[in-house]
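One structure is given below, encoded as structure tokens.
The values are calculated or read from the model by the stated rules, or taken from the named source; none is laboratory data. Quick caveat, the model's predicted, so the values are computed rather than measured. Counting neighbours? That spans all protein chains shown, and the Cβs are built from the backbone with ideal geometry, glycine included. Ligands, DNA and RNA are stripped out before the accessible areas are found, and what is left, the full protein with its side chains, is counted by its heavy atoms. Shrake-Rupley method; radii C 1.70, N 1.55, O 1.52, S 1.80 Å.
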Amino acid sequence: MYFIHLPRKCTIRIYTISGRLVQTLEHESTIDDGQEAWNLVSRDGMDIAFGIYAYQVEAAGIGTFVDKFAVMK
């Protein structure tokens, strides 16, 4: 899975719909419209379950963006 249209430097936090932190990704690139790949593995090293997840992109000086996505079989 790819997060796209990212600012040069940001933090992506992925949560279960109940609010448990699943993974944190640090993005840093040399372009303004970057992308970051995620292998759908939790911070515990386990494959994530199918379902709905929320994510937050936070960039200093720019702000915070929150949205959700679904992982389906």
Can you name every residue in the range 18-73 that is among the small types (Gly, Ala, Ser) and within 16 Å of residue 1 (Cβ to Cβ)?
34, 37, 42, 49, 51, 54, 70
Positions within the range 1-35 being without any contact (Cβ under 8 Å) to a residue 24 or more places away in the chain and charged (D, E, K, R), in sequence order
20, 26, 28
Give all pairs with beta carbons closer than 8 Å in which a residue from the range 39-52 that is at positive phi meets a residue that is open to solvent by 90 Å² or more (accessible area, probe 1.4 Å); count only pairs at least 6 apart in sequence or on separate chains.
40/47; 51/17
